[in-house]
1. Which one is modelled with the highest pLDDT among residues in the range 70-90 that are small (Gly, Ala, Ser), under 16 Å from residue 34 (Cα atoms) and crowded, with 22+ Cβ neighbours inside 10 Å?
2. Suppose the filter is touching a residue at least 24 places away in the same chain (Cβ under 8 Å) and surrounded by 12 or more Cβ atoms within 10 Å (Cβ to Cβ); does residue 42 pass it?
3. Just checking, which of 52, 25 is out of contact with any Phe, Trp or Tyr (no Cβ under 9 Å at 6 or more places or on another chain), surrounded by 15 or more Cβ atoms within 10 Å (Cβ to Cβ) and either more than 30 Å from residue 96 (Cβ to Cβ) or not small (Gly, Ala, Ser) (or both)?
4. Would you be able to say whether some residue in the range 46-59 is part of a helix (DSSP H, G or I) and within 23 Å of residue 119 (Cβ to Cβ)?
5. Could you list, in sequence order, all residues of the range 106-120 that are surrounded by fewer than 16 Cβ atoms within 10 Å (Cβ to Cβ) and of a type outside the set (A, V, I, L, M)?
6. Which residue pairs have Cβ atoms under 8 Å apart, sit 6 or more places apart or on different chains, and have a first residue in the range 95-113 that is under 17 Å from residue 58 (Cβ atoms) and a second that is part of a loop (DSSP other than H, G, I, E, B) and of a type in the set (D, E, K, R)?
7. Test each condition in (1) on the phi < 0 side of the Ramachandran plot; (2) out of contact with any helix residue (DSSP H, G or I) (no Cβ under 6 Å at 6 or more places or on another chain) for residue 68 and report the one that comes out false.
8. Using beta carbons and a limit of 7 Å, which pairs, at least six apart or on different chains, have the first residue in the range 73-87 and hydrophobic (A, V, I, L, M, F, W, C) and the second one not in a helix (DSSP H, G or I)?
Amino acid sequence: MKSFSREHKEQLSKLNVEEFKKQCVKDLKSLELGKYGYPPVEDEIPALVETVYTHVKKNYGLKTQKEIKISMIAIYVGGNNFLNNKGYTTFMRNRDINNEQKMEFLEEFIDKQIDLLDERMCHE
């Protein structure tokens, strides 16, 4: 009976992860950033979510759905500015920095990027 319970929990966990990823895709699409987001093509958002989900858990040490979602938003709104900035990625990979500090950094980064995107959208 224990193996059934363990197997059942694993299946539920996989279903929860897949549902979380679907919700992340919906949420990123709802931002309607179009050419300002990353990736610029809406159809590529599911692949972005899949890649970021695995990447941030493995490389940034982020574990909770909230942490993972905030990092997805940061990468989505920051795009290459975030991914190619060695300072940002080094900070996020640093195991001596706790996840709360990483979340504060990401939230500030998101706010700044959204302000920049708003400004850019208004000028076009």
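The values are calculated or read from the model by the stated rules, or taken from the named source; none is laboratory data. As the structure is a computational prediction, the values presented were derived from the model and not from experiment. Cβ coordinates were reconstructed from backbone atoms using ideal geometry, including for glycine residues, and neighbour counts include every protein chain displayed.
1. 74
2. no
3. 25 is the lone residue from the list that is out of contact with any Phe, Trp or Tyr (no Cβ under 9 Å at 6 or more places or on another chain), surrounded by 15 or more Cβ atoms within 10 Å (Cβ to Cβ) and either more than 30 Å from residue 96 (Cβ to Cβ) or not small (Gly, Ala, Ser) (or both).
4. no
5. Result: 107, 108, 111, 112, 115, 118, 119, 120.
6. Correct list of pairs: 99/63.
7. Checking residue 68 against (1) on the phi < 0 side of the Ramachandran plot; (2) out of contact with any helix residue (DSSP H, G or I) (no Cβ under 6 Å at 6 or more places or on another chain), the one that fails is (2).
8. Every condition considered, the pairs that remain are 75/38; 77/33; 77/37.
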